[in-house]
Amino acid sequence: MAGRRSTPRPSGALGAVRMSAGQWVACAATALAVLVSLGGYGWYQGIIGNITTTQVDTTWDRPTSVEGVMNLLIIGSDVRSGENADYGEAEGERPDTMLIASINVDNGAATLVNLPRDLVVELPACEAVEGYEGMSPHSGMINSAMTFGGIGCQWQAVENATDVHLDHFVMMDFTGFKDMVDAIGGVEMCIPEPVDDPKAHLVLDAGLQTLDGEDSLGFVRSRYAQGDGGDLSRIDRQQEFMGAMLRQVLSSEVMTSPVTITNFLGAVTDSVTTDEDLTVDTMTDLAISMREVDLQRIQFVTVPNGQHPADPNRLVMSDAAPALFEAINAGADLSGGGDGEDGGGETEGEAEQGPAPEDVSVEILNNAGVDGLALEVQAVLAGEGYTVTGTGNPVARFPETTTVYHAPGEEAAAEMLAGSMESAVTEEAEGLAQTLELVLAPDWAGFADGASSAPEVSVTDDLGGITAEETESAC
């Protein structure tokens, strides 16, 4: 499970080019594509030198970094200045697209998790830094942190909300995005219905067509003239565009053309801002890990969410979100699509010997004195199939040893759950409203070796995500 630690950090002001949210979606896929393409060209160091870097102070109490996994915060701000002024006026910085790109450097897989701008989370306190007034802790939209505290505050807000350690951030502007698309000759997209969106500067006919940079920018920014006009449907379109752009970048026509690659990388690096620790060596390592990329192993998903109970126009993370982030922290394979032969190999007779997690309901109570522990354990157990009926603090039983209380006749279920932990005992208890009650005590030592310490979550099977592979379209 994700622990927390403190690490040194730099200053929070961002004095560099900022990118657009809608573009960042496309830029995220582009970033991965760039990493892939970089692996084949030894001259890329000169181009990489064009990237703007900024120092970010990361000394808050942070989630633990996970070996073998690199998590990038892909963020686009709504600042309109310079060449981007053509896209309207907007005060301050309000990222309208953010996502976490989690790259497993050991197996070459990547999961990109969109964080809707309408998502309400608990925001941290951020000190005032040059150009930003700072803010007190409060509940608010996840994209508002940058407005008050710059990129450092936004970085902290995402880590606090997800408990995912972010290794680096990447940003890009509107103009850079357009140049990237134009450099690869456009991106082919299926447009199911005609689009006329003055706010996004977009007019498109229906049908299969190749979008140039200007139209691509409008497509990923367009909201009210497509779908239901909501942020979630726009994110779906952005994810489709990212997959299409990635396929285009990896196509033989692009990869075998030094001129095209040079123009593409030039457009990327001229427009990208990163933290100063995202070095050429780090990019090289990523390029190597992604060199044999399988499009089926690059996945896009929106963080599991639901309507905010107090505001129908806002979203909150759903119960499935912690399991997703825990799986990312553990470097789990989220692609799903297993062949059915890795479920432990039990026979029909063996399966009848005991209950399955799916048949067991459990309440998780925290008597360990560790804030947030019940929620972390919930993420694991929910990922393994248990029905978690609730979390909280005990009111009736306060054991000094982690204990699985079970209703009469449910000894097997209790033993199954206790056996997945390093140290736990079982005890019968009358009057339970569910099968089991797990009380975490001060001796809590985590899950046992061999027991799953990461939820089994499939982005495509369980969370409705998509891969970068081409799928049948309405065209």
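The values are calculated or read from the model by the stated rules, or taken from the named source; none is laboratory data. From a predicted model like this one, the values you see are computed outputs, not experimental measurements. As a convention, Cβ positions derive from the backbone with ideal geometry for all residues, glycine included, and neighbour counts pool all protein chains shown. When the accessible area is computed, the model is the full protein with side chains, heavy atoms only, and any ligands, DNA or RNA have been set aside. Shrake-Rupley method; radii C 1.70, N 1.55, O 1.52, S 1.80 Å.
Which residue, of Val259, Val268, is free of Cβ contacts under 8 Å to residues at least 24 places away in the same chain and either open to solvent by 60 Å² or more (accessible area, probe 1.4 Å) or assigned to a helix (DSSP H, G or I) (or both)?
Sole residue among the options that is free of Cβ contacts under 8 Å to residues at least 24 places away in the same chain and either open to solvent by 60 Å² or more (accessible area, probe 1.4 Å) or assigned to a helix (DSSP H, G or I) (or both): Val259.
How many residues does the range 178-200 hold that are under 20 Å from Ala468 (Cβ atoms) and touching a Gly at 6+ places or on another chain (Cβ under 7 Å)?
2
For a quick check of your reading of the model, give me the residue pairs whose first member lies in the range 194-219 and is under 16 Å from Gly176 (Cβ atoms), whose second is polar (S, T, N, Q), with beta-carbon atoms closer than 7 Å and at least 6 apart or on different chains.
From residues that are under 16 Å from Gly176 (Cβ atoms), the pairs are Leu217/Gln23.
For the range 314-336, what are the residues that are assigned to a strand (DSSP E or B) and touching an Asp or Glu at 6+ places or on another chain (Cβ under 7 Å)?
Residues of the range 314-336 that are assigned to a strand (DSSP E or B), as a first pass: 314-317.
Of everything in the range 314-336, those that are assigned to a strand (DSSP E or B) and touching an Asp or Glu at 6+ places or on another chain (Cβ under 7 Å) turn out to be Arg314, Leu315.
Which one is most open to solvent (accessible area, probe 1.4 Å), of the residues in the range 176-234 that are of a type in the set (Asp, Glu) and touching a helix residue (DSSP H, G or I) at 6+ places or on another chain (Cβ under 9 Å)?
In the first step, residues of the range 176-234 are kept if they are of a type in the set (Asp, Glu); the result is 179, 182, 188, 193, 196-197, 205, 212, 214-215, 228, 231.
Cutting the leftovers down to touching a helix residue (DSSP H, G or I) at 6+ places or on another chain (Cβ under 9 Å) gives us 179, 182, 188, 197, 212, 214-215.
Numbers: Asp179: 73, Asp182: 86, Glu188: 103, Asp197: 8, Asp212: 72, Glu214: 70, Asp215: 43 Å².
Ranking the qualifying residues of the range 176-234, first place goes to Glu188.
So which residues in the range 180-198 are touching a Phe, Trp or Tyr at 6+ places or on another chain (Cβ under 9 Å) and not small (Gly, Ala, Ser)?
Restricting attention to the range 180-198, the residues satisfying the condition of being touching a Phe, Trp or Tyr at 6+ places or on another chain (Cβ under 9 Å) are 180, 183-184, 187, 189, 191, 195, 197.
Across the range 180-198, the qualifying residues are Met180, Ile184, Val187, Met189, Ile191, Val195, Asp197.
For the range 129-159, which residues satisfy the criterion of being within 25 Å of Gln307 (Cβ to Cβ), over 17 Å from the mean Cα position of the chain (by Cα) and not in a strand (DSSP E or B)?
Pro137, Ser144, Ala145, Met146, Thr147
Just a yes or no: is a residue in the range 154-165 in contact with a Cys (Cβ under 8 Å, 6 or more places away or on another chain), among the aliphatic types (A, V, I, L, M), within 30 Å of Thr282 (Cβ to Cβ) and in contact (Cβ under 8 Å) with a residue 40 or more places away in the chain?
no
Give me the residue from the range 117-169 that is charged (D, E, K, R) and more than 20 Å from Arg62 (Cβ to Cβ) and, out of that set, most open to solvent (accessible area, probe 1.4 Å).
Result: Glu130.
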